[in-house]
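> Have a look at this one before I ask anything.
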Amino acid sequence: MLKQIEINTDPIQAILKQNRKEIKFGLSMCAHCSLCAESCFLFISNGNDPEYMPSYKFINSIGKLYKKKGRVSKQVLEEMRDLVFEKCVLCTRCYCPFGIDIPSLITLGRDVCRTQGLFREYDR
Amino acid sequence: MIGFLITFIKGPLIWISFIVFGGGLIVQTFRLLKLTQKKETRRIVPDKAFKPPTELSKKERFLRYLMSQRVNPLALNICLVLVSFIFHVCLIMTPIFVLGHNVMLDTAFGISFFSLPEQVTDIMTKFVIAGAIIFLMRRLLLRRVRIISTVYDYLLLLIAVAPFVTGFMVFHHVLNYNTIILLHVLCGELLLMMIPFSKFFHMVFFFISRFMIISEHSLGNPKRSWHY
Ligand code: HEM
Ligand code: HEM
């Protein structure tokens, strides 16, 4: 319960509101085809672990926040931090066959994490 | 009541579905373009003028060229691209050039496209159904596809092949002809009306993002960029 209170939803919702169109468009356009997977070097070098797939990363960070209107627990947000900071280095090499701008969506996920004091942990 | 429904599906609803399809495509295209803006754009990669040094071996030169164009041959899923290409070509061509549709166009308006032989469209229909089965199997069997799949993906795949499955049944007189043809028309209308408002809108988005929006993967000479 205590963990719930630690989240400040106002800045999260501000980011969601400001970028609503982009997020909504990316989510509705993604055909969940998984063709972006092999374009991610982290996907390849981590034994084809699907959690490294670019689409998985944006759907389960900013996409999830959008669907839950920013109301998530600290624990969920910490998992997102791992997705957008540890499992993505924003090299912008991912390739979507339709041209969805995945890096900019993952960047929004990072923005949200930063407002809650969640960053990349270099000493892990 | 049933009689009214049948005449509605076989008459006005055809008109409605084509209007929703055409109007929807136009409206959605404008909404998409409003997310972009004209901008002075500069293309840095890929470098069209790049020429690999001539002293290298043929293989090395080819690899350098691919790198300059940002093509990663290892990331190309050749089999899937091929399946997807055949699926899409048949999906779009068959309904336009199938004899049954052109006969209807001819009786209604006196004009029609040329028709492909029925054996050919029958094979194309089978290709679409086969492609859909491959997509379905990937979705069920590959962990990377399953992990991002939702019920909606399965539903949309079903909506996309339904006109082909029922069209196939009509052509081969499987089950009651009149019932299946009604089902076919209904499925076709449903698909048409879904295209602008679902992920099938990628049929427009694909070309806009490739030819109108600047990025390292765009083609031609795009003049716009995203503007959220
Ligand atoms: C919206 C109104 C539609 C009407 C009234 C309609 C009607 C028909 C008719 C009368 C046939 C001929 C059946 C025969 O050979 O006896 C046919 C075949 C066919 N239709 Fe449609 N159709 C519609 C939409 C669609 C759509 C949207 C698609 C696909 C996207 C489609 C795909 C097919 C195919 C593939 C066949 C041929 C199947 C085969 O030869 O194996 N139809 N349709
Ligand atoms: C000219 C128009 C179109 C183009 C250029 C196009 C292009 C693409 C591309 C690049 C993909 C990426 C994934 C893959 O290759 O498997 C795709 C997937 C897909 N497209 Fe299209 N498409 C077009 C029209 C349509 C239409 C009209 C429909 C349906 C009525 C459709 C149904 C699908 C489906 C169902 C998938 C996902 C397959 C899966 O489940 O993985 N497409 N399309």
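> Would you be able to tell me the number of residues in the stretch A:31-72 that are at the interface with chain B (Cβ under 8 Å from one of its Cβ atoms) and touching a Pro at 6+ places or on another chain (Cβ under 9 Å)?
Number of matching residues: 7.
> Check B:Lys126, B:Lys59 and return the single one that is more than 14 Å from ligand 2 (Cβ to nearest atom) and either under 17 Å from the mean Cα position of the chain (by Cα) or within 14 Å of chain A (Cβ to nearest Cβ) (or both).
After ruling out the rest, the residue left standing is B:Lys126.
> Hey, B:Pro222 hits all of (1) in a helix (DSSP H, G or I); (2) within 14 Å of chain A (Cβ to nearest Cβ); (3) of a type outside the set (Ser, Thr, Tyr) but one; which does it fall short on?
(1)
> Of these, A:Lys69, A:Lys64, which one is part of a helix (DSSP H, G or I) and charged (D, E, K, R)?
A:Lys64
> Name the residues in the stretch B:144-161 that are more than 16 Å from ligand 1 (Cβ to nearest atom) and touching a Lys or Arg at 6+ places or on another chain (Cβ under 8 Å), would you?
Scanning the stretch B:144-161 gives B:Val145, B:Arg146, B:Ser149, B:Asp153, B:Tyr154.
Quick grid of which residues meet (1) open to solvent by 60 Å² or more (accessible area, probe 1.4 Å); (2) away from every other protein chain (no Cβ under 14 Å):
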{"residue": "B:Ile134", "(1), (2)": "yes, no"}
{"residue": "B:Arg143", "(1), (2)": "yes, no"}
{"residue": "B:Asp153", "(1), (2)": "no, no"}
{"residue": "B:Leu157", "(1), (2)": "no, no"}
{"residue": "B:Ile180", "(1), (2)": "no, yes"}
{"residue": "B:Lys199", "(1), (2)": "no, no"}
{"residue": "B:Phe211", "(1), (2)": "yes, no"}
{"residue": "B:His227", "(1), (2)": "yes, no"}
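> Only one residue in A:Leu65, A:Leu105 is under 30 Å from B:Phe211 (Cβ atoms) and either buried (at least 18 other Cβ atoms within 10 Å of the Cβ) or touching a strand residue (DSSP E or B) at 6+ places or on another chain (Cβ under 8 Å) (or both). Which one?
A:Leu105
> Let me ask another. Take B:Leu82 and tell me if it is among the hydrophobic types (A, V, I, L, M, F, W, C), surrounded by 12 or more Cβ atoms within 10 Å (Cβ to Cβ), within 16 Å of ligand 2 (Cβ to nearest atom) and within 14 Å of chain A (Cβ to nearest Cβ).
no
> Are any residues in the stretch B:107-123 open to solvent by less than 80 Å² (accessible area, probe 1.4 Å) and over 15 Å from B:Val170 (Cα atoms), and if so, which ones?
B:Ala108, B:Gly110, B:Ser112, B:Ser115, B:Leu116, B:Pro117, B:Val120
> Only one of B:Glu189, B:Glu118 is more than 11 Å from chain A (Cβ to nearest Cβ), within 14 Å of ligand 2 (Cβ to nearest atom) and among the charged types (D, E, K, R). Can you tell me which?
B:Glu189
> Continuing with this model, one more query. Taking the condition under 26 Å from B:Arg143 (Cβ atoms), surrounded by fewer than 22 Cβ atoms within 10 Å (Cβ to Cβ), under 15 Å from the mean Cα position of the chain (by Cα) and modelled with pLDDT of 90 or more, does A:Phe58 pass?
No: the conditions fail for A:Phe58.
> Could you tell me which numbered condition A:Cys94 fails, if it satisfies all but one of (1) surrounded by 15 or more Cβ atoms within 10 Å (Cβ to Cβ); (2) more than 12 Å from chain B (Cβ to nearest Cβ); (3) not in a helix (DSSP H, G or I)?
(2)
> (1) touching an Asp or Glu at 6+ places or on another chain (Cβ under 6 Å); (2) within 16 Å of ligand 2 (Cβ to nearest atom); (3) at pLDDT below 90: which one isn't true of A:His32, the others all being true?
(3)
> Can you name every residue in the stretch A:15-37 that is among the polar types (S, T, N, Q) and within 15 Å of A:Met53 (Cα to Cα)?
Within the stretch A:15-37, A:Ser34 is the sole residue that qualifies.
The values are calculated or read from the model by the stated rules, or taken from the named source; none is laboratory data. Predicted model, so just to flag it, every value in this text is computed and none were measured. Don't worry about glycine lacking a Cβ; one is built from the backbone with ideal geometry, like all the others, and counts go over all protein chains shown. Remember, those area values only see protein heavy atoms, side chains included, never the ligands or the DNA or RNA. Shrake-Rupley method; radii C 1.70, N 1.55, O 1.52, S 1.80 Å.
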